Amino acid sequence: MEKEATQLVVDRQAYLTENCPALSLPSSTAELQELCKKLHQQIDKVDEERYDLNAKVEKANKEIEDLKIKVVDLIGKFKKPALRKVRMSADQMLQALLGSKHKVSLDLRANLKQVKKEVKEDVGDVGDWRKNVEDKAGMGGRKKMFEGEA
C-alpha cells in the first residue's frame, strides 16, 4: 500500500510537470496580453473537454438506467410508478380503454328517474285590488272583513 501511495505521488508530480509548466510572468504589457490569450485558449479547450465528458457520462447513466429497467422487467419484479392525475371525461376514458374503433357515448342522464313537477294551483280568483280596499275601508270595512270570514 505504501508503494502504491508513493507511486500515486510520483505520477501526480510527473503529470503536473508535463501539463502545467512553471509560470513566468513577463514584464511588458504585450507579453502579458499574449499570455492571457494563451491561458484563455487553454481554458476554452479544457471546458470543451469537460462538457464532452459530462455528456458521455450522462448518456452512460441513462443507458445504465434503461438496462436496469430491462433487467427488472425480465426478472418480473416491477415497482409501480407514481401515477399522475389525469382529467378525462367518461367518453374519453372509454375510448382510451376500448380503442378508437368503438364509438361509445355514455349518457349518464338516461339512467336517472324522471320526477314530475307539481303545479301550484292558483289561490282563488284575484280581482281588482282597489275594489277590495274601498269595500273594506273604515270601521264598516272591518266589520265586512270579519263577516266575510265567518
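Read the figures in this text as sums done on the coordinates, not as results from a lab. Remember, predicted model here, so these are calculated numbers, not experimental data. FYI the Cβ positions are ideal-geometry reconstructions off the backbone, even for glycines, and counts take in every protein chain you see.
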Task: Inter-site label distance for V115 and A14 at 7 Å from Cα along Cβ, in nm - done: 9.3
Open item on the list: Per residue of segment 40-46, what does 6.51 cos²θ - 1.76 cosθ + 1.60 with θ = phi - 60° give for ³J(HN,Hα)? Whole Hz please, x for Gly and Pro, Karplus curve as stated.
Closed with: 5, 5, 5, 4, 4, 5, 5
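What does the charge count around K45 come to, taking other residues whose C-beta lies under 14 Å from its C-beta (Lys +1, Arg +1, Asp -1, Glu -1)?
Charge balance near K45 sits at -2.
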